[in-house]
């Protein structure tokens, strides 16, 4: 997925937010580090990411979207897509 | 210097199929930090017997990324952090792995407390709740303050304590698990009912317990469990607060939070996350 990056959203702040929820170092949350195979994130922890994103960015994300969030790049693209909709 | 500790969850921690409950995940973390202390010349036994110091886990904040199972060999890395409060509080970060999968992480704070002599008289106020599980209501002594809560009043038994008098960290974890059980039963969605009716079990992605003040053996303890937030139909977060009566006040001795979702048991090996149904949401909202 490729989405236009909004200049008013700091992707590094988003990375810090997601890293905090997942309790991983920001450095290890690379764009393509796989949530399940590399970071050990299960569906419940992914939901917590969803909670944090909805609250921080005041967006609505359907639960089904969680399954498509496999790495930070997916999260960033999803948030940008929701904010641009 | 970091430590790496290998351990397995206690058999007791598998209550539903072979999955390990949050309390026993946090026990593993506690044991790993204790082993780290031993390896670095701070044997809890020697600290107590020789130096008159007790090891008190005053804060544990755990995230459970994926379920641990019975028989899992868990490798926990313990990484000391800079001490806080002028060196008074030792801080550790932990990460627990099964093979290469990171199953849980935590931040743990430990204080060395002066141990009182065994037999030191201490005036404690004990309620008459000596039978069963004490008293539970939607409010006791105004502690719920109109919130979506229950209050459980009980007497602290000796086997929740350590150093001959103090309610210990693992005791608070037990209380947290127990008050959830009581809360769900009171709201008509007990663990057994949900298992029998839906094959659902509660699952916990994170939990935290902080000890603020000592609570003593056989004191009356009020545990307040307050649902703070229900996110969509997926997760709910509740606050956990404990109080004891001192003079004319109720003193808060611990606080914490726990987040729950529900999972459906697929078979003896697997489960999948499910959204709350209307009955569950209504029960959580006290409707």
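Every number in this text was worked out from the coordinates using simple rules, so none of it is lab data. Owing to the predicted nature of the structure, the values given are computational and were not obtained by experimental measurement. Methodologically, a virtual Cβ is constructed for each residue, glycine included, from the backbone with ideal geometry; neighbour enumeration extends over all protein chains shown.
Given R₀ = 51 Å, what would the calculated FRET efficiency be for residue A:73 paired with residue B:138, taking r from the Cβ atoms and rounding to 0.05? Provide the component values of the computation, followed by the final result.
Numbers: r = 47 Å, r/R0 = 0.92.
Using R0 = 51 Å, I get an efficiency of 0.65.
Apply 1/(1 + (r/R0)^6) to the Cβ-Cβ distance of residue B:39 and residue A:13, taking R0 = 45 Å, and write down the FRET efficiency to the nearest 0.05.
Details: r = 38 Å, r/R0 = 0.85.
For residue B:39 and residue A:13, the calculated efficiency is 0.70.
Express the relative contact order of chain B as a whole percentage, based on alpha carbon pairs under 8 Å and six or more residues apart in sequence.
Values: 598 pairs, mean separation 46.1, N = 287.
Dividing the mean separation by the residue count of chain B yields 16 percent.
Just how far, in whole angstrom, is segment B:229-287 from segment B:51-93 if you go by their alpha carbon centroids?
The two parts, judged by their Cα centres, are 23 Å apart.
Can you give the Kirkwood hydrodynamic radius for the protein assembly as shown, in Å, rounded to one decimal and based on Cα pairs?
Working: mean 1/r = 0.0454 Å⁻¹.
Evaluated over the protein assembly as shown, this radius sits at 22.0 Å.
Quick one: check the C-alpha center-to-center distance for segment A:11-38 versus segment B:150-198, whole angstrom.
34
Need one value for B:61-68: mean number of C-beta atoms belonging to other chains within 10 Å of its residues' C-beta atoms.
Numbers: counts 1, 1, 8, 4, 13, 8, 2, 0.
For this peptide, the per-residue mean of nearby foreign Cβ atoms is 5.
Ratio to report: Rg/Rh of segment A:10-85, with Cα atoms as the point set and Rh obtained by the Kirkwood method; give two decimals. Please report the intermediate quantities before stating the final value.
Numbers: Rg = 11.1 Å, Rh = 12.1 Å.
My calculation of the ratio gives 0.91.
Tell me whether segment B:136-231 comes out rounded, prolate or oblate; compute the Cα gyration tensor, take square roots of the eigenvalues as a ≥ b ≥ c, and use a/c under 1.5 as the rounded threshold. Write out the running numbers ahead of the final one.
Working: a/c = 1.93, a/b = 1.51, b/c = 1.28.
Note, shape of segment B:136-231 comes out prolate.
Under 1.5 on a/c is rounded, so check that first for chain B, then, if it is not, pick prolate when a/b is larger than b/c and oblate when it is not; a ≥ b ≥ c are the square roots of the alpha carbon gyration tensor eigenvalues. Display every interim value, and only then the final one.
Values: a/c = 1.99, a/b = 1.13, b/c = 1.76.
Oblate shape, in that a/c is at least 1.5 and b/c is the bigger or equal ratio.
Do you know the relative contact order of segment B:1-115, to the nearest whole percent, from alpha carbon pairs under 8 angstrom that are 6+ apart?
Values: 234 pairs, mean separation 37.1, N = 115.
Relative contact order of segment B:1-115: 32 percent.
For segment A:6-85, what is the relative contact order in percent, using Cα pairs closer than 8 Å and at least 6 residues apart in sequence? Write out the running numbers ahead of the final one.
On the way: 65 pairs, mean separation 27.2, N = 80.
The value is 34 percent.
Residues in segment B:231-258 near a label at residue B:123, defined as backbone nitrogen under 18 Å from the 7 Å Cα→Cβ point?
Under 18 Å, as judged by backbone N against the label point of residue B:123, lie B:244-251 of segment B:231-258.
Distance from a point 7 Å along Cα→Cβ of residue B:79 to each backbone N in segment A:16-47: keep the residues under 11 Å and list them by number.
Within reach of a label on residue B:79: A:24-28.
Give me the distance between the Cα centres of segment B:1-33 and segment A:41-85, rounded to whole Å.
Segment B:1-33 and segment A:41-85 have Cα centres spaced 30 Å from each other.
What ranking of B:216, B:172 emerges when the number of other C-beta atoms within 10 Å of each C-beta is taken as an exposure proxy, fewest first? Walk me through the numbers on the way to the answer.
Details: B:216 19, B:172 26.
Taking fewest neighbouring Cβ atoms as first place, the list is B:216, B:172.
Direction-averaged shadow area of the convex hull around the Cα atoms of segment B:117-167, nm²?
Working: hull surface 18.6 nm².
Orientation-averaged projected area of the Cα hull: 4.7 nm².
At residue B:212 and residue B:192, where each label point lies 7 Å from the Cα along Cα→Cβ, what is the point-to-point distance in nanometres?
Distance between the two pseudo-spin positions: 3.5 nm.
Compute the length gained on full extension between residue B:158 and residue B:268: take 0.36 nm times their separation in residues and subtract their Cα-Cα distance, giving the result in nm to one decimal.
Length gained between residue B:158 and residue B:268: 36.0 nm.
Sort B:170, A:37 so that the residue with the fewest other Cβ atoms within 10 Å of its own Cβ comes first and the one with the most comes last. Let's see the in-between values first.
On the way: B:170 18, A:37 11.
Ascending number of Cβ neighbours within 10 Å: A:37, B:170.
Can you sort B:257, B:174 from fewest to most other Cβ atoms within 10 Å of each residue's own Cβ? List each step's numbers first, then the result.
Numbers: B:257 19, B:174 16.
Ranked by crowding around the Cβ, least crowded first: B:174, B:257.
Pull out a ≥ b ≥ c, the square roots of the eigenvalues of the alpha-carbon gyration tensor of segment B:1-154, then state rounded if a/c is under 1.5, prolate if not and a/b is larger than b/c, and oblate in the remaining case.
Values: a/c = 1.93, a/b = 1.21, b/c = 1.60.
In terms of gyration-tensor shape, oblate.
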